[in-house]
Amino acid sequence: MSVHPTRRRTTTAVLSALAVLGLAAAAPSALADDSARSTRVAAGPVSWSAALDEVNADDANVRWTDGALRLRGTTLRAASAEGTRGHGTQVLAAKKLDKQVNRVRAELSGTVPEGTVLVDVRGRAADGSWTEWREATGAEAVLPRTVRTVQARLTFQDPKGEARVSDLRLTASRGAEQPGRERAGAAAFSAQVFATREGLVGGTTANGHVIQPNDHFVALPSRRGLSPNGSGDFSVEVCGPVRCETAPVWDVGPWNTRDDYWNPSAERESFQDLAQGMPESQAAYETGYNGGKDGSGRTVLNPAGIDLADGTFYNVGLNDNGWVTVTYLWTGAAK
């Protein structure tokens, strides 16, 4: 397995229509003040309550009723990682703030058994690109850079259907920026990883997309790089034996759900003792890392670090599971 800063290959594949729509960038003039660098730390946090009653097409298996957000049903599970039942997501409207922030704290109100509802947040930069998602459940989330637009996402993992969220209170502030976070002008990170075909036509991905025949998207094993349904906010270039294709990240898996292996080791959510570009599943399969098991305790049966939807799988020239070169396109500048 090789890991290297990317030297971009020419993409010969035609992008899927949805990925093209999702990748359209917002006009820089409209977002020019979203992100700025400064050594000063702004005083005073800003707080707001999210509009949980606004359930839209980019949400999945949730509803607002009797003053609370809850699951519509408990049978849904995210496709690639074969997670537990009781999956649902809500991507909330982005909030434009009047000050620069890089830290966000989330407080849930209602009946929320431990572990049943997770809160992730991200921020938008001046060029319209988003930072990766960072979990804000139970601890303050530190964004990779300072922003003025913040968005939150709720993920239900509630197999019993017990959670009732009546309010989500978000508090954003600015603290000292972490050194090494800014990567403006850097090449997007690339790695050679083992790819498997997702299949699962008719199933539902982690962002609520219903998988179609000959579909075009990928799954990566972390919610940090998951695009909202219909969006290409986080996309990869997959280069196989025949050609390359750019596809959005619409599912979480295979194997793990907290393994953002494309990030530097110190910034990984889990498995920080592994090198950048080394999926935990590959280490488990090849060297017996973590006892040969994934983060959920399952015995790892292949080294897959990415799942490809059927259309993407065959388009890049794969007829069986195999090695591909993946470029994580959102890592090409500051994250």
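The values are calculated or read from the model by the stated rules, or taken from the named source; none is laboratory data. What you see is a predicted model, and the numbers here were worked out from it, not measured in a lab. Cβ: placed from backbone, ideal geometry, glycine included. Neighbour counts: every protein chain shown.
For Val201, only one of the following conditions fails: (1) part of a strand (DSSP E or B); (2) among the β-branched types (Val, Ile, Thr); (3) over 23 Å from Gln151 (Cβ atoms). What is its number?
(1)
If Arg103 satisfies all but one of (1) at pLDDT 95 or above; (2) surrounded by 20 or more Cβ atoms within 10 Å (Cβ to Cβ); (3) touching a Pro at 6+ places or on another chain (Cβ under 9 Å), what's the number of the condition it fails?
(2)
Looking at Asp307, Asp294, Asp233, Asp273, can you tell me which residue is out of contact with any Leu (no Cβ under 6 Å at 6 or more places or on another chain) and under 18 Å from Gln192 (Cβ atoms)?
Among Asp307, Asp294, Asp233, Asp273, only Asp307 is out of contact with any Leu (no Cβ under 6 Å at 6 or more places or on another chain) and under 18 Å from Gln192 (Cβ atoms).
Being in a strand (DSSP E or B), aliphatic (A, V, I, L, M) and either touching a helix residue (DSSP H, G or I) at 6+ places or on another chain (Cβ under 9 Å) or at pLDDT 90 or above (or both), is that true of even one residue in the range 84-99?
Yes - at least one qualifying residue is present in the range 84-99.
If I filter the range 302-315 for residues that are small (Gly, Ala, Ser), in contact with a strand residue (DSSP E or B) (Cβ under 8 Å, 6 or more places away or on another chain) and closer than 21 Å to Phe189 by Cβ, do I get at least one hit?
Taking every residue of the range 302-315 in turn, at least one turns out to be small (Gly, Ala, Ser), in contact with a strand residue (DSSP E or B) (Cβ under 8 Å, 6 or more places away or on another chain) and closer than 21 Å to Phe189 by Cβ.
Would you point out which residue out of Ser166, Ser190 is at pLDDT 95 or above and within 19 Å of the chain's Cα centre (by Cα)?
One residue alone meets the criteria, Ser190.
Of the conditions (1) in contact with a Leu (Cβ under 6 Å, 6 or more places away or on another chain); (2) within 24 Å of Gly202 (Cα to Cα); (3) part of a helix (DSSP H, G or I), Ala283 satisfies every one except a single condition; which number is it?
Result: Ala283 fails condition (2) only.
Quick one: Ala283 ticks every box in (1) surrounded by fewer than 24 Cβ atoms within 10 Å (Cβ to Cβ); (2) under 26 Å from Asp58 (Cβ atoms) except a single one, so which number is it?
(2)
Taking Ala334 as meeting all but one of (1) outside any strand (DSSP E or B); (2) modelled with pLDDT of 95 or more, write down the number of the exception.
All conditions are met except number (2).
So is Arg258 basic (Lys, Arg) and surrounded by fewer than 22 Cβ atoms within 10 Å (Cβ to Cβ) or not?
Yes; evaluated as a whole, the condition is true for this residue.
Is it the case that some residue within the range 215-222 is hydroxyl-bearing (Ser, Thr, Tyr), assigned to a strand (DSSP E or B) and either buried (at least 24 other Cβ atoms within 10 Å of the Cβ) or out of contact with any His (no Cβ under 6 Å at 6 or more places or on another chain) (or both)?
Yes, the range 215-222 contains a residue that is hydroxyl-bearing (Ser, Thr, Tyr), assigned to a strand (DSSP E or B) and either buried (at least 24 other Cβ atoms within 10 Å of the Cβ) or out of contact with any His (no Cβ under 6 Å at 6 or more places or on another chain) (or both).
Yes/no per residue for (1) more than 28 Å from Leu76 (Cβ to Cβ); (2) out of contact with any strand residue (DSSP E or B) (no Cβ under 6 Å at 6 or more places or on another chain):
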{"position": "Thr205", "(1), (2)": "no, no"}
{"position": "Asp215", "(1), (2)": "no, yes"}
{"position": "Val236", "(1), (2)": "no, no"}
{"position": "Cys239", "(1), (2)": "yes, no"}
{"position": "Cys244", "(1), (2)": "yes, no"}
{"position": "Thr257", "(1), (2)": "no, yes"}
{"position": "Asn263", "(1), (2)": "yes, yes"}
{"position": "Met278", "(1), (2)": "yes, yes"}
{"position": "Thr287", "(1), (2)": "yes, yes"}
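On the basis of being surrounded by fewer than 23 Cβ atoms within 10 Å (Cβ to Cβ), within 21 Å of the chain's Cα centre (by Cα) and not basic (Lys, Arg), does Thr149 make the cut?
Spelling it out, Thr149 is indeed surrounded by fewer than 23 Cβ atoms within 10 Å (Cβ to Cβ), within 21 Å of the chain's Cα centre (by Cα) and not basic (Lys, Arg).
Yes or no: the range 230-244 includes at least one residue that is of a type in the set (Phe, Trp, Tyr), crowded, with 24+ Cβ neighbours inside 10 Å and touching an Asp or Glu at 6+ places or on another chain (Cβ under 9 Å).
Checked the range 230-244: at least one residue is of a type in the set (Phe, Trp, Tyr), crowded, with 24+ Cβ neighbours inside 10 Å and touching an Asp or Glu at 6+ places or on another chain (Cβ under 9 Å).
Just checking, does the range 268-280 include any residue being touching a Gly at 6+ places or on another chain (Cβ under 6 Å), assigned by TED's automatic domain parsing to the domain that holds Gly208 and within 21 Å of Asp233 (Cβ to Cβ)?
no
Filter the range 253-270 for residues that are hydrophobic (A, V, I, L, M, F, W, C) and within 17 Å of the chain's Cα centre (by Cα); which is farthest from Thr84 (Cα to Cα)?
Trp262
Output the qualifying pairs, or none if there are none: Cβ atoms under 8 angstrom, residues six or more apart or on different chains, first residue in the range 289-306 and assigned by TED's automatic domain parsing to the domain that holds Asn321, second residue loosely packed, with under 13 Cβ neighbours inside 10 Å and not in a helix (DSSP H, G or I).
Gly292/Thr299; Lys293/Thr299
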